[in-house]
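Participant: Sending over a structure as structure tokens; questions will come in a sec.
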Amino acid sequence: MSCYKNASVLMHAGVAMEDARSALAAGRVGGGIGLLFRRTVAQSIGAVLEQGPHILRLASRRQGPAPSTA
């Protein structure tokens, strides 16, 4: 279960940003800004920064080599 918890933590900031964007578009400025200053968003950003090198390594491995132009 911890693998799901850890993945979820990485998504909090992204989800909060999208929710804040929607709130701002609907004219709920205070609610939109409030979404960005939750403790879970700070934890998420910290987790992304901590796991950044690992995430980049996995992303580059998944993309594979660039196609040849010859």
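The values are calculated or read from the model by the stated rules, or taken from the named source; none is laboratory data. Owing to the predicted nature of the structure, the values given are computational and were not obtained by experimental measurement. Here the Cβ positions follow ideal geometry from the backbone for every residue, glycine too, while neighbour counts run over all protein chains shown.
Participant: From the list Ala59, Ala16, exactly one residue is within 16 Å of the chain's Cα centre (by Cα) and modelled with pLDDT of 90 or more. Which is it?
Facilitator: Ala16
Participant: Go through the residues of the range 39-48 one by one and say whether even a single one is at pLDDT below 90, surrounded by 14 or more Cβ atoms within 10 Å (Cβ to Cβ) and either outside any helix (DSSP H, G or I) or small (Gly, Ala, Ser) (or both).
Facilitator: yes
Participant: What is the residue count in the range 9-22 for residues that are of a type in the set (A, V, I, L, M) and within 14 Å of Phe37 (Cα to Cα)?
Facilitator: The total comes to 5.
Participant: Taking the stated definitions as given, is Ser22 part of a helix (DSSP H, G or I), over 13 Å from Val9 (Cβ atoms) and modelled with pLDDT of 95 or more?
Facilitator: Taking the combined requirement at face value, the residue satisfies it.
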